[in-house]
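Presented below is the structure to which this report refers.
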Amino acid sequence: MTTALAVTSPGHVLSPPDRHTPGAHVFRPPEEQPFEVALVQAQSLVDQYGYLVVVYPHTLPTPYLHRLHALRALLESDRIALLPSSLPPLALGVLVRQLRQLSLCEFSPGVLGCAARLLTHYVYAGAVLGSVAKLDQVPVSLTAHAKSWLPGAQFAVTTAPEPHLLRLGSKDEHPLSGPQFPTRLTVAPGGLTSDWPRGTLAAQWRVTDVQEERLPADSAVWWGTAKLTEFAAAIPDLSVLYQLVSSVRRDTCRWCGLELLGDRCAFCAAGPAEPPAAPAATPEGPLAAPSPTRPPEYGQLTVPAPPSIAPAGPAGPPYGPAHAPGGQVGTASELRPAVHQGIPRS
């Protein structure tokens, strides 16, 4: 393990799927932890592991964000990556858990850091809310605002990968768009008791299992209400995650030299190195053969499908042909995904 992972809230460190999965360091807010202590902790993590990846929500308070940047600046280290995420708190914890699993593989720090942006596209996140009056993460119509004042009203809201809102129990209720590949559903009950995620949603999304976690402390602020039950569905199997990340083309960062996926380095935000220019013609001989160049659509390709996963549907087993009949995921060597060229800009 050459890369340490860190978060900005204890609620973003979910229970590990097995005893081999490492944890993540938790930085505390400025009002709870002296700057000198945070500086020593960051230096210790870099010295011990070599690289540090910090994943934090995009709603992080400005003083807290300034502290993270100050830590990296004072250490004068290009081995610290600060990665913002637009996912809700519980889904952010699910994403970090996936990165914790992948940190045991042989991926370089640059690839592991870029994997956070890639895997975000495969996390389905949402919540059941008792009110949407203060919800500003998803567009809310005036009608939904008015109905949220009705006694007993409940709304199912998804924010990733696409925003969607529906009122539960209404005549026009329809299934939420869900993943077309096997996932584990993580549920965190809050101030609103609802069996809808475990029952109706789990059946609609055909999840493999349901796991309960404690609601992150920042969920109420993020969703605009304490009356909620948060949920997130994501790929649970390490072999599938490994093949998904491995299937994406790797490049070398033109600034820091680390490996990267897509069009942006996780550590310095620079792009990939430019391909060598074609040699010019010489009087002594014909034009040299032009060197291969990067396709113009690089960095804007469609996100690759999870390897060896069949679309979910009413017929057929939830896992694809690369998996054993008993529903067990095949080994990494049995999965043969096509090699993709990159991941889209976010």
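The values are calculated or read from the model by the stated rules, or taken from the named source; none is laboratory data. If you're wondering where the values come from, they're calculated on a predicted model, not measured in any experiment. When we count neighbours, we look across all protein chains shown, and the Cβ atoms used for this are built from the backbone with ideal geometry, even at glycine. Calculation scope for accessible area: heavy atoms of the full protein, side chains included, ligands and nucleic acids excluded. Shrake-Rupley method; radii C 1.70, N 1.55, O 1.52, S 1.80 Å.
Remarks
- Selection of the stretch 43-64 for residues being more than 14 Å from Phe267 (Cβ to Cβ) and in contact (Cβ under 8 Å) with a residue 60 or more places away in the chain yields Pro57, Thr59.
For (1) modelled with pLDDT of 95 or more; (2) open to solvent by less than 20 Å² (accessible area, probe 1.4 Å); (3) over 24 Å from Tyr122 (Cβ atoms); (4) of a type outside the set (Phe, Trp, Tyr), each residue gets a yes or a no:
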site	(1), (2), (3), (4)
Leu5	yes, yes, no, yes
Ser9	yes, yes, no, yes
Pro34	yes, no, yes, yes
Leu45	yes, no, yes, yes
Tyr51	yes, no, no, no
Val54	yes, yes, no, yes
Ser77	no, no, yes, yes
Gln98	yes, yes, no, yes
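- Taking each residue of the stretch 92-112 that is under 14 Å from Ala81 (Cα atoms) and looking for partners that are of a type in the set (Asp, Glu) and open to solvent by 10 Å² or more (accessible area, probe 1.4 Å) with beta-carbon atoms closer than 9 Å, six or more apart or interchain, yields Ser108/Glu259; Pro109/Glu259; Gly110/Glu259; Val111/Glu259.
- Matching residues, the stretch 11-32, being open to solvent by 40 Å² or more (accessible area, probe 1.4 Å) and either modelled with pLDDT under 95 or not β-branched (Val, Ile, Thr) (or both): Ser15, Pro16, Pro17, Asp18, Arg19, His20, Gly23, His25, Arg28, Pro30, Glu31, Glu32
- Highlighted here are the strands (runs of 3 or more DSSP E) found entirely within the stretch 187-283 that include at least 1 residues which are in contact (Cβ under 8 Å) with a residue 60 or more places away in the chain, crowded, with 16+ Cβ neighbours inside 10 Å and touching a helix residue (DSSP H, G or I) at 6+ places or on another chain (Cβ under 8 Å): 228-234, 250-252, 259-261.
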